[in-house]
Each structure stands twice: as structure tokens, then as C-alpha cells.
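Below: the structure, in C-alpha cells.
Read-outs: derived from the displayed coordinates by stated rules, not from any lab. Small disclaimer: the values here were computed from a predicted structure and weren't measured. Cβ sites come from the backbone with ideal geometry, for glycine too, and all protein chains shown count toward neighbours.
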Amino acid sequence: MKNTKTEILRNAVHLFNQKGFFKVTVKEIADKMGISPGNLTYHFKRKEHLLAAIQQEILDGSKGIIIPEGQEITLKHFRDIFARFYEIQREYCFYFSEIIYLLEVYPDITGEYKNATATRIKDARKLVDYYIATDRLVSEKGDVDYDYLIHNLWMVNTFWTLGGALLDRKYSDKDFDSPIESLWKILLPYLTDKGRNEYDALKAEQSA
């Protein structure tokens, strides 16, 4: 038996991704499902309650992918983190395309996402420190400031979907299907010889 709340969320996400959150009505979601608006509002009284539930799915999908416990962390983990975040962006592309407006209109809901983002940035700093300590990244001195690096990596990854909507990338000879290669380009100048060897091995594995 299908779970009605889950089905409502899946149909809502589909419509939001197609038209945008602010252009879709509760009635449209109900009509797509073949149920009455009253049936839908029994589970989610208002559209912002749908948004809160969808945001919780996004947050749940982002948990536990920063630093695994009790194992060595290679640069493969760097790639896997951002690949997972990008999968989430694609699944909920409306959210990331409209995040600025959602923050303004629903601060009580999206404030939780802001807090989670702050936590992820702190975790990213721990990961960078681990890579420095294990001789994968150069030490932080002189012009090397990893707080700026982390900020730039976060900006590229978080707003990749939005950037794709603004730029016509099909006329480029670059592979812009995902932000992963661009994120590597940001990180590469900071890799040690050990880090570069791991990176080259990952690229070879990907090409095989």
C-alpha cells in the first residue's frame, strides 16, 4: 500500500521542479494525484508544511557524508561528498534554484537549512585539517587560506544548478554536467605530491 504522505511529497517535488515552488498550488498537486485538496491538506495543512517536510528530506540526505568514523579518509571522499550533494541538488533542484527567495519568505523553515550549512562548513574545515595533517594538502601559511577555499568550494557546489539555468553551457567544450571537475580545479593548486598522486589515481580509475 502506498504511503499517502510520501506520494504527496514526491508529486509536490516533481511539480516544484517543473514550475517552481511559488507557481504551484496545493490544488495542482492534489489534481496530479487524483485526490481532493482536502485529502492533501489533511496531511499538509499549507504549502509551507510541504516545504518543511521536503527540506527535512534534503537535510536527512546530507547527514553523515562529511567525515566517516574509524577509517582513513582519502581524496576519494572529497569527490564523493560533492557528488552526493550534487545528487541532492538535482533531486530537489527547485529548492536550490529558489533558495534566496525561500529564505526571505520562509525564514522560520529555511533557518534550519542555514544552520545545517554552517555545520557542514565547520565539518569541511575538519576535513581540510585532516588532509593537511596527512600530507594531502599543503600547510596553511602565506597566501594559503583554507577558509576562503572552503567558502569557494561551497559556493560553486551550492549554486551550480542555479548557474546552469543562467548560463547556456551547451555551446562550451567543457563538461558542465556536474560541478565535480570545477571543484577539483579549485583544489588542485593546494595538493601535495601525495595528494596529486591520489588525484591522478582517481582520474585513472574514472577513465578505466
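Given the pairs 126/194; 122/185; 141/194; 47/114; 32/63; 5/122, which are separated by over 25 angstrom at their Cα positions?
Numbers: 126/194 19 Å; 122/185 22 Å; 141/194 19 Å; 47/114 20 Å; 32/63 31 Å; 5/122 34 Å.
Going by Cα-Cα distance, 32/63; 5/122 fall outside the 25 Å limit.
What whole-number value in cubic angstrom gives the convex hull volume per residue for the C-alpha atoms of region 1-45? Before the final figure, lay out each step's value.
Working: hull volume 2.9 nm³, N = 45.
Spread over its residues, the Cα hull of region 1-45 gives 64 Å³ apiece.
Dividing the helix sum by the residues of the chain, where each DSSP H run of 4 or more adds -39500 (n - 2.57), gives a mean residue ellipticity at 222 nm of -22000 deg cm²/dmol. Once the Cβ-Cβ distance of residue 129 and residue 72 is raised to the sixth power relative to R0 = 22 Å, the FRET efficiency obtained is 0.90. Against the empirical curve 2.2 N^0.38 Å, the C-alpha radius of gyration of region 88-171 lands at a ratio of 1.34.
The alpha-carbon positions of the chain define a convex hull whose volume is 171 Å³ per residue. Sorted into 5 angstrom bins from 0, the C-alpha pair distances of region 31-147 split as 2, 9, 16, 17, 15, 13, 10, 7, 4, 3, 2, 1, 0 percent.
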